[in-house]
Amino acid sequence: MKHQIFFIARKELRSILRQNSLKVLFTFVIVLLGFALYAGHISYKQQKSMIETAQKERRVEWLGQGNKHPHIAAHYGTYIFKPKTLLSLFDFGLDTYTGTSIYLEAHFPHDFMFRPVQGYGNIVRFGELSAALVLQLLLPLLIIFITFQTFTKEKEKGTLKLLASQGVSMKIVYLGKVLAYTLVVFTITIPFFIGLYLIGVNNNNDLVLTDLGLRTFLLFLVYSVYLWVFTSFSVWVSLQSSSARSSLLTLLIFWIVTGIIIPKTSANLGETIYPIPSMKMFKEDIQNDIANGMNANDTKDKRIERLKQRYLKEYRVDSIHQLPINFSGIQMQEGEEYSNKVHDFHNAKLYKKFKLQNRAGSFMSFIAPYIAVRNLSMAFSATDWYSFNDFQEKTSDYRRHLIRTMNNDMAMNSKYGEFYEYKAGRNLWETIADFKYTIPKATMNLKYYWIELVSLSIWVLIMFILIPSSFKNKLD
Amino acid sequence: MLETKDLTKKYGEFTALNSLNLSIRAGDIFCLLGANGAGKSTTINLFLNFIEPTTGKAFVNGLDVEKNPKKTKQYLSYIPENLQLYQDMTGLENLRFFCGLQGGNQSREELEALLIKSGLQKDFISKRVNAYSKGMRQKVGVALARAKSAKILLLDEPTSGLDPKASNEFSELLLEMKEQGVAILMATHDLFRAKDTGTHIGIMKQGVLVDNMTSSQVTFQDLEQKYLEHMHN
């Protein structure tokens, strides 16, 4: 049986290699992927250099801001730039939408700025051309074009009957064909991922991504499984179709529905089932809670008064002027802490909705394997929502640490009522270490994507077990 | 070598083959005559296990076709009316492919010799099949049967559309194989070829074997008359 599968695979490969149109299509995809890899590499080096330069400049600015009051320094703030990895240029993921830098300042947790999507036209709605997009959507299209008539042509020409008369079962023919087309796909993906890894290894020296090898391997694995599923499905459709035309039509409809319509619909569906507040409402709610308290009856003034009484009691003094520390610093930090609490509360509510929206989308991967590979690809490229969220949390922690340090210095080293009189200097600025970020291990991210993993496994199971065993060897 | 017992095939209300009893031994060439839809191809398809019988049994080399679909195909070689090979491969590559599927590992020289022995011109051996005539493709089919050392040859109107020379060449190949003890079942419309080549002749009508004769016992005129009588009745 094995040798028959290999014989059929070899025959198919020979036929593919003899078709000029397919050679042209293959060359096109290989050139496209090669170009995407090269452009990604160049872009990565440029962006990495720009980010590193900008980050160093901001550090120099922070340290060299001169002597000033710590609270002014807290408002002077600094910038953090999201580090680029080569994988983020393989799959842009949400990077296009989430912004590249953030301004850290007292009182206001700012949003990320400079979202690449802001500079694009409507065309970005169809997805930017990344290597991941080529593998997720264009390569399946190529698979459709090379496989749609693999069985129908044999049926129309009568060679299938001749094969059957040799005692070759349809299952063997199917497996042989799938093997051949899988090998063809692998001749594209294996060199691509090796190239991606080698470029990554030669450039990844800043420890932002500590598991590049594992991530590249997981990406290769996920894409291999997805493309194998797509290949098997396409060959199966060709087997089941009565004509090449109907096979092509079926496969194109499948591609459009599962690659374009369902992903867009599932995003809308998630938003409809789990609506999120508008940005305006979200920010108003936060401001309201900060001003009036999360219990609606705990205004800022009441909170300050309570804090004041607590400190007076603790230090057994009658007036805040008698405190050995600057109460303004304590008050500012208390305001920060409360603001952080409010932000954390509202963000947690919002993130819960995002998670539910994501989950609704993930379930659609059971009918559209593209969604599974798209989500897993973003996860392993560290450009998914969870990776962004982790970076956002780390920048938030850094901001909180920076502000707390400034407020504490103000509280400990200046007097109540003094402002411009007290000035801190470089010694204080240096206590704030430069921001360093390491992306969490890919394995940490896997727990969020169990639906996608189960979905891909089911697709494999269907293709590997159910379909070949459902063949009839009868021709009537 | 080939045998049927009350072999019947029905498609709904339509009976394509009705209780066929047939026996073909090694060295026999059994020619099945009949109009279109008489049941000739159905009989061949049942021997190939391409279709399931409604009732009855078909045997190849004593083995029940339905129970031993793979094993029985090892003894068979099949040449349909319009043998289609892989167009983008040469005759030699096609032969190597089909032999390889059977586990054959003949050398290039052996396969070339088989093609030449089967009547294919030498300069066509390495040409792609899309340049072949129907007769040339049939010769590749015969070469395949030889390479496989098939004990049984099933032919479904193999000479239809061939010019008289090619048809004659094909008949000679069949006679050669008959001498080697191959059992041949050939469905055909060609009365002359049936009389000329066959050892036995059967006439089918509406799924029924209405006549079964030994070729040597009838003249061509007798055969033609019998055939026309059956067709008109």
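Structure notes:
- The magnitude of the dipole of the range B:85-148, with charges of +1 and -1 set on the Cβ of Lys/Arg and Asp/Glu and taken from the Cα centre, is near 220 debye.
- Average projected area [Cα convex hull, chain B], square nanometres: 12.6
- Cα gyration tensor category, rounded, prolate or oblate, for the range B:136-201 with a/c compared to 1.5: oblate
- Set of the range B:170-210 residues, backbone N closer than 20 Å to the point 7 Å along the Cα-Cβ line of B:HIS232: B:190-192, B:203-206, B:210
- Charged neighbours of A:LEU13, selected by a Cβ distance under 14 Å, balance to +3 (K, R count +1; D, E count -1).
- Here the range A:205-254 yields Rg over Rh of 1.34, to two decimals, using C-alpha coordinates and the Kirkwood radius.
- At R0 = 41 Å, FRET efficiency that the Cβ-Cβ distance of A:LEU13 and A:PHE366 yields, to 0.05: 0.80
- 37 °C / 0.692 mPa s Stokes-Einstein diffusion coefficient of chain A, Kirkwood radius on C-alpha pairs, µm²/s: 126
- When the Gaussian network model of chain B links Cα atoms closer than 10 Å, the mean-square fluctuations of B:LEU17, B:LEU101, B:LEU46 top out at B:LEU101.
- The range B:69-99 residues near the modelled A:MET1 label - backbone nitrogen below 16 Å, point 7 Å along Cα→Cβ: B:69-71
- Net charge over other residues, Cβ less than 14 angstrom from the Cβ of B:LYS5 (K, R count +1; D, E count -1): -1
- Lysine pair count for the range A:6-122 (Cα-Cα distance under 14 Å; residues 8 or more apart in sequence or on different chains): 5.
- Size of charge dipole - the protein assembly as shown - debye, nearest 20, with Cβ of Lys, Arg +1 and Asp, Glu -1, no other charges: 500
- Using the Cβ-Cβ distance between A:HIS110 and A:LYS415 with R0 set to 35 Å, the FRET efficiency from 1/(1 + (r/R0)^6) comes to roughly 0.70.
- Cross-link partners for B:LYS226 among the aspartates and glutamates, with Cα-Cα distance under 18 Å and sequence neighbours closer than 8 places in the same chain left out: B:ASP190, B:ASP196, B:ASP211.
- Shape category assigned to the range A:197-332 from the gyration tensor of Cα positions, a/c cut at 1.5: oblate
- Of the complete DSSP H runs in chain A, those spanning 15 angstrom or more by Cα along the long axis with a mean Kyte-Doolittle score not below -0.5 are A:2-17, A:20-63, A:170-203, A:212-240, A:244-256, A:262-273, A:369-380, A:450-461.
- Shape class of the range B:85-148 from the alpha-carbon gyration tensor: prolate, with a/c at 1.5 or above and a/b greater than b/c.
- Scanning residues 5 or more positions from B:LYS205 or on other chains, those with amide H under 5 Å from its amide H are B:VAL210, with H placed 1.01 Å from N in the peptide plane.
- The phi-based Karplus calculation (6.51 cos²θ - 1.76 cosθ + 1.60; θ = phi - 60°) puts the 3J(HN,Hα) values of the range A:80-97 at 10, 10, 6, x, 9, 10, 5, 5, 6, 9, 6, 10, 5, x, 8, 4, 4, 9 Hz, whole numbers, x for Gly and Pro.
- Pairwise label distance in nanometres, A:VAL60 with B:PHE192, each label 7 Å out on the Cα-Cβ vector: 10.1
- Selected from B:GLN138, B:GLN221, B:GLN206 as most flexible by GNM, with chain B as the system and alpha-carbon contacts under 10 Å: B:GLN221
- Charge context of A:VAL373, other residues only, Cβ under 11 angstrom, K/R +1, D/E -1: -1
- Measuring between alpha carbons in the structure, the pairs from A:LYS352/A:LYS447; B:LYS5/B:LYS67; B:LYS9/B:LYS40; B:LYS10/B:LYS70; A:LYS394/A:LYS423; A:LYS153/B:LYS9 lying more than 18 angstrom apart are B:LYS10/B:LYS70; A:LYS394/A:LYS423; A:LYS153/B:LYS9.
- For the range B:159-205, the dipole from Cβ point charges (+1 on Lys and Arg, -1 on Asp and Glu) about the Cα centre works out to 260 debye, to the nearest 20.
- Gain on full extension, evaluated as 0.36 nm per residue between A:PHE464 and A:SER278 minus their Cα-Cα distance, stands at 62.4 nm.
Every number here is computed from the coordinates shown, using simple stated rules; none is lab data. On a predicted model such as this, the values are computed, not experimentally measured, just so you know. Every residue, glycine among them, receives a Cβ derived from its backbone with ideal geometry; neighbour counts consider all protein chains shown.
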